[in-house]
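Each remark here refers to the structure printed beneath this line.
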Amino acid sequence: MITDLTTAQMRQAYGSQTARRYTMIVIVSGLLLLSFFLDIATGPGKYSLSTVLQVFTDPLSHGVRLKVIVWDYRLPVAITAVLVGALLAVAGAQMQTILNNPLAEPFTLGVSAAASFGASLAIVLGVSVIPAIGPFLVTANAFVFAVLTCGFILMATRLKGVGSETMILFGIAIFFTFSALLALMQYMASEDQIARIVFWMMGSLSRASWEKISLGALLLSIAIPFSLLRTWPMTALRMGEATAESMGVDVSRLRVEMLICISLLAATAVSFVGTVGFVGLVGPHIARLLVGEDQRFFVPLSALVGALVLSLTSLISKSITPGVIYPIGIITSLIGVPVFISIILSTRREKLS
Amino acid sequence: MTLSIQNLRSGYGKKEILHDVSIPTVKGGGFVGLIGPNASGKSTLFKTLAGLVSPTAGSIIIGTDDITHLHRKGRARRIAYMPQAFGCNALLTVFESVLLALKQTTGWRVKDENLERVSDTLSALNLSHLANRGISDLSGGQAQMVAVAQTIVRSPEVILLDEPTSALDLHHQLSILTSIRNEMDRKKPVIMAALHDLNLAAKFCDRLVLLRDGIILADGAPEHILGLSEIGETYRVKTELEYTKRGSIYVDARLSA
């Protein structure tokens, strides 16, 4: 049915659409908060939410033991889940926008594979890329290789005539290269080292520490305003490169700026917890379905959904078998696959209709 | 407002596409049709004017301001360029897509006046019924009209349209060009459109510029330009100019044997 709208009706529709989006952000934030506290409450010893909240407001209210469990063991893990989920989802959301490809994320572009190789280099050969890094050897190596990979993708974009499809192909090439190198490292490794590599690659939140948390939080607090300042050009980019350029957007510069931002986010996340696939894919995808692609809402909501997904994953990883914490990388991928398939199917439907 | 182009040279890398192009003063409220065969430099001229390609020589002047080297954002405030149509799969409504065209040059926060401007533009182009539709659900003609809305919502002084009627049916061709003429009568911008259909060009334009191989061959009133022998030579066809009963120009073209 075709009905002409008055100008007032159009403005009103836009107003209620905006209101719905703010509501969505509030709802997801609420769910995230709930999941965060449930995550803290769950573990080898289960506590009620109210107990956790009491220990939270008054650390010694239930004795020293509970204070140590909540504040020193579970809180860093729960915060890391939220932070890394947000970092990966924001990185994925931005990659998908600048590459105009809904499948782009740190994992599919080979950043995770590069980080894994960096980590294995440290585990097997004890080779440090940054000298005198000490206990952070594995993390630092992973970070350096992830940044180098992003740098390589960045350089590739600056080559003349390289479009977004070519960049995805570069990503796939990187993925295979580092997977092969990783296999080589495993071939050379001792049994004990193989076990460590495999464990690293599965992704685990048990490597949480306050140093990592503060670094991650700092990065996110820079990256979110940085992205929000560029939301209008980024939204324009969704209209296609030519249209964005005609609106006055310097597309190649925007790509470079965003890639630098994404590199740091993705490299940090991956080097902290190892390979966690699909959060960078699932977070933005759900956010897109909820609020569309106005980046003012899309980017913050992607961060929130990513954080929620990883926080829930952390919760699930502790709940399947009592006393056992499964690596989160396994669980995200198992949740990720059905979502991945639904993305492929829904894009096919769009083309058919 | 006026636009004038003086001795413009431009191209990609070392390859020069436009050789010394001059288009003397185009007055605001004038509709200039840019005609010429494929690869004659029409898109390059538009991209150079819009600042997407840097000229190697010459100048572009709006009113009394030389904007040849004005940065991209500043230029986007004065010149709006509509590239040839592309599909897009973004999850945005028509209203949002027009709003974002406006927001590139008007600060971060969405103000009431921005929303007013968008809804007025959609109403003026008879697109209000599509305001809440997703842009990926539009037909080709509707998408093209939305692209026009994205172009005129900024109230630019110069509007450049690259083949606005390509791939559209007769109704949409006429309704797009009529909307553009209405906009012209309302706000008096300079309008230049690259057109392939010479009959449409004759019907809607006040002035035609004939481009071939990056050189301007002729520039003048439609009835004058379309009657020139250069038209036939440029398009490699035989043309004859006829007038219909209602006084419209009709270009009758045949392949030259």
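The values are calculated or read from the model by the stated rules, or taken from the named source; none is laboratory data. Predicted model, so just to flag it, every value in this text is computed and none were measured. Note that we place each Cβ from the backbone using ideal geometry, even for glycine, and neighbour counts take in every protein chain shown.
Suppose we keep only residues that are surrounded by 15 or more Cβ atoms within 10 Å (Cβ to Cβ) and over 22 Å from the mean Cα position of the chain (by Cα) within region B:100-116. Which one would you say is modelled with the lowest pLDDT? Top of the filtered list is B:Thr106. B:Arg254 - would you say it is charged (D, E, K, R), at pLDDT 85 or above and assigned to a loop (DSSP other than H, G, I, E, B)? So B:Arg254 does not fit the description; no. Residues of region A:23-53 that are at pLDDT 90 or above and in contact with a Ser or Thr (Cβ under 8 Å, 6 or more places away or on another chain): A:Leu32, A:Ser35, A:Phe36, A:Asp39, A:Ala41.
I need the full set of residues from region A:231-242 which are assigned to a helix (DSSP H, G or I) and crowded, with 23+ Cβ neighbours inside 10 Å, in order please. A:Trp232, A:Pro233, A:Met234, A:Thr235, A:Ala236, A:Leu237 - these are the residues of region A:231-242 that are assigned to a helix (DSSP H, G or I) and crowded, with 23+ Cβ neighbours inside 10 Å.
Residues in region B:18-39 that are over 12 Å from B:Ile5 (Cα atoms), of a type in the set (Gly, Ala, Ser) and at pLDDT 90 or above: 2 in all. Taking the stated definitions as given, is B:Leu160 in a strand (DSSP E or B), facing chain A (nearest Cβ under 9 Å), out of contact with any Pro (no Cβ under 7 Å at 6 or more places or on another chain) and crowded, with 24+ Cβ neighbours inside 10 Å? Here the answer is yes, as B:Leu160 does meet what is asked. A:Leu228 meets each of the listed conditions (1) touching a residue at least 40 places away in the same chain (Cβ under 8 Å); (2) more than 10 Å from chain B (Cβ to nearest Cβ); (3) surrounded by fewer than 18 Cβ atoms within 10 Å (Cβ to Cβ); (4) of a type in the set (A, V, I, L, M) apart from (2).
For A:Gly203, the criteria (1) facing chain B (nearest Cβ under 8 Å); (2) at positive phi hold in every case but one, which is (1). Only one entry in B:Ala80, B:Ala76, B:Ala90, B:Ala101 is under 15 Å from B:Ser155 (Cβ atoms), free of Cβ contacts under 8 Å to residues at least 60 places away in the same chain, touching a Ser or Thr at 6+ places or on another chain (Cβ under 8 Å) and of a type in the set (Gly, Ala, Ser), namely B:Ala101. Residues in region B:89-103 that are assigned to a helix (DSSP H, G or I) and more than 7 Å from chain A (Cβ to nearest Cβ) were compared, and the one that is nearest to B:Gln150 (Cα to Cα) is B:Val98. Scanning region B:188-233 for residues that are within 18 Å of the chain's Cα centre (by Cα) and β-branched (Val, Ile, Thr) turns up B:Val190, B:Ile191, B:Val209, B:Ile216.
Which of the residues belonging to region A:234-254 are closer than 25 Å to B:Ala143 by Cβ and basic (Lys, Arg)? A:Arg238, the sole residue that qualifies. Among the residues here, B:Lys245 does not qualify as surrounded by fewer than 21 Cβ atoms within 10 Å (Cβ to Cβ), out of contact with any strand residue (DSSP E or B) (no Cβ under 6 Å at 6 or more places or on another chain), over 28 Å from B:Ser10 (Cα atoms) and in contact (Cβ under 8 Å) with a residue 12 or more places away in the chain. Residues being on the phi > 0 side of the Ramachandran plot, touching a Gly at 6+ places or on another chain (Cβ under 8 Å), surrounded by 13 or more Cβ atoms within 10 Å (Cβ to Cβ) and not polar (S, T, N, Q) are entirely absent from region A:166-186. Filtered by the rule that a residue be of a type in the set (Lys, Arg) and under 27 Å from A:Thr332 (Cβ atoms), region A:203-259 gives A:Arg207, A:Lys212, A:Arg238. Pick from region B:65-93 the residues that are at pLDDT below 90 and polar (S, T, N, Q): which of them is farthest from B:Leu168 (Cα to Cα)? It comes out as B:Asn89.
Across region B:1-59, which residue is surrounded by the most Cβ atoms within 10 Å (Cβ to Cβ) among those that are under 21 Å from B:Arg78 (Cβ atoms) and of a type in the set (Phe, Trp, Tyr)? The qualifying residue surrounded by the most Cβ atoms within 10 Å (Cβ to Cβ) is B:Phe46.
Of the candidates B:Ser256, B:Ser248, the single residue that is of a type outside the set (A, V, I, L, M, F, W, C) and under 25 Å from the mean Cα position of the chain (by Cα) is B:Ser248.
Can you tell me which residues in region B:52-88 are facing another protein chain (nearest Cβ under 7 Å), assigned to a loop (DSSP other than H, G, I, E, B) and within 27 Å of A:Gly292 (Cα to Cα)? Correct list: B:Pro83, B:Phe86, B:Cys88.
The set of residues from region A:181-204 being over 19 Å from A:Ser271 (Cβ atoms) and assigned to a loop (DSSP other than H, G, I, E, B) comprises A:Ala189, A:Ser190. Anything in region B:137-157 that is surrounded by fewer than 19 Cβ atoms within 10 Å (Cβ to Cβ) and at the interface with another protein chain (Cβ under 9 Å from one of its Cβ atoms)? List them, or say none. Passing the criteria: only B:Asp137. Report yes if some residue within region A:129-145 is loosely packed, with under 12 Cβ neighbours inside 10 Å, over 30 Å from A:Gly240 (Cβ atoms), aromatic (Phe, Trp, Tyr) and at pLDDT 80 or above; otherwise report no. The answer is no, given that none of the residues of region A:129-145 is loosely packed, with under 12 Cβ neighbours inside 10 Å, over 30 Å from A:Gly240 (Cβ atoms), aromatic (Phe, Trp, Tyr) and at pLDDT 80 or above.
Checking each residue in region A:249-293 for being outside any helix (DSSP H, G or I) and either among the polar types (S, T, N, Q) or in contact with a strand residue (DSSP E or B) (Cβ under 9 Å, 6 or more places away or on another chain) (or both) picks out A:Thr275, A:Gly292. Residues in region B:16-61 that are free of Cβ contacts under 8 Å to residues at least 40 places away in the same chain and closer than 25 Å to A:Val249 by Cα: B:Lys47, B:Gly51, B:Leu52.
When the residues of region B:117-136 are filtered to those that are within 10 Å of chain A (Cβ to nearest Cβ) and under 18 Å from A:Thr235 (Cα atoms), the one that is modelled with the lowest pLDDT is B:Ser136.
Of all the residues in region A:241-272, those that are within 14 Å of chain B (Cβ to nearest Cβ) and either charged (D, E, K, R) or in contact (Cβ under 8 Å) with a residue 40 or more places away in the chain (or both) number 6.
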